[in-house]
1. Tell me the residue from 213, 163 that is surrounded by fewer than 19 Cβ atoms within 10 Å (Cβ to Cβ), at pLDDT below 85 and of a type in the set (Asp, Glu), please.
2. Hey, among the residues in segment 227-252 that are open to solvent by 40 Å² or more (accessible area, probe 1.4 Å) and not basic (Lys, Arg), which one's farthest from residue 187 (Cα to Cα)?
3. Which count do you get for residues in segment 126-156 that are assigned to a loop (DSSP other than H, G, I, E, B) and open to solvent by 60 Å² or more (accessible area, probe 1.4 Å)?
4. With the checklist (1) at pLDDT 90 or above; (2) at negative phi; (3) of a type outside the set (A, V, I, L, M); (4) more than 16 Å from the ligand (Cβ to nearest atom) in hand, flag the one item residue 150 doesn't pass.
5. Against the conditions (1) touching a strand residue (DSSP E or B) at 6+ places or on another chain (Cβ under 6 Å); (2) touching a residue at least 40 places away in the same chain (Cβ under 8 Å); (3) away from the ligand (no atom under 16 Å from the Cβ), where does residue 213 fall short? Just the number, please.
6. Suppose the filter is modelled with pLDDT of 95 or more, open to solvent by 10 Å² or more (accessible area, probe 1.4 Å) and over 20 Å from the mean Cα position of the chain (by Cα); does residue 21 pass it?
7. Quick test for you: out of 78, 45, pick the one residue that is open to solvent by less than 20 Å² (accessible area, probe 1.4 Å) and assigned to a helix (DSSP H, G or I).
Amino acid sequence: MRLKQRRSHGAGVGLRLPHIAEVVATRPPIGWFEIHPENFLANPHATELLSELSQHYPISVHTVGVSIGSASGIDRSHLKRVRALIDMVDPILVSGHLAWSTHAGDYLNDLLPLPYDEEALQLLAAHIHEVQEGLGRPYLVENPSSYVGFGTSTMNEVDFLGELVRLTGCQLLCDVSNVHLSAHNMGYDAYQYIDGLPADAIGELHLGGFTYEEDEANPGAELLVDTHATVVAEPAWDLYAYAIRRFGPKPTLIEWDNDIPPLAILLGEAARADEVAAQAIAPEARRAAAR
Ligand SMILES: [Fe+2]
């Protein structure tokens, strides 16, 4: 039996290029690794190491270049390349963002927002169907980090995500830090947001570090920016515990993509996620045992 089948799917960390050699050499105790396929598609040596690691760890594939929100459509040749990598690593999950990042063949280094209206809903639903068909797997759609809204939106983000689930059978990746950050920036209640998501559709959670910056459009106010460059903040841990109580334990990624620290720091954050999740459900477990 391959080791990866015996591991739990608690917390995982991103397998980033600076850590690959260390991971191969030391095989750290961690539930799973997440990869961005785009980091491997043009790097045969890293892909070879990934292939080896996928024999020992569950892998979650998080696409950053499959742009389901692009009006110009899905790049099928990119999708095919991602499919080949997916077939190689046999991931536990495949996910991507509720955003657009390409237009007419140009790749933009950003995840750009969409209005939440009927036209965007139909466009995204068609693209999610295409991606799920192309990859041969369910796709998890991640809630974005938000800084501005569209005046033309006709529904809120929670209802929009719920409609996507209903129309496509996709699952959701709930980025808890994004919920906290967007709620702060957009002025809504993060806990109500978690309450409104369809719990049955949640397949994975993210936790990432954000930074506080001055809001240039609103002097004196703070904007939270999704930088993935630091530890998870305390309010996000509190919201994570709440999400675990509502959704149950889910594979949870510690996201850290910039100013990448030593691997031990990431493993420490993942251990904390496992602890917080265990504590969050402990009272329920005790009640169930007493029944
Ligand atoms: Fe995320």
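The values are calculated or read from the model by the stated rules, or taken from the named source; none is laboratory data. In this text the structure is predicted, and so the values were computed from the model without any measurement. Neighbour counts run over all protein chains shown; Cβ positions are idealised from the backbone, glycine included. SASA here: full protein model, heavy atoms, side chains in, ligands and nucleic acids out. Shrake-Rupley method; radii C 1.70, N 1.55, O 1.52, S 1.80 Å.
1. 213
2. Top of the filtered list is 249.
3. 9
4. Of (1) at pLDDT 90 or above; (2) at negative phi; (3) of a type outside the set (A, V, I, L, M); (4) more than 16 Å from the ligand (Cβ to nearest atom), only one is false for residue 150: (1).
5. For residue 213, the failing item is (2).
6. When the stated conditions are applied, residue 21 does not pass them.
7. Details: 45 fails: open to solvent by less than 20 Å² (accessible area, probe 1.4 Å).
Residue meeting the stated conditions: 78.
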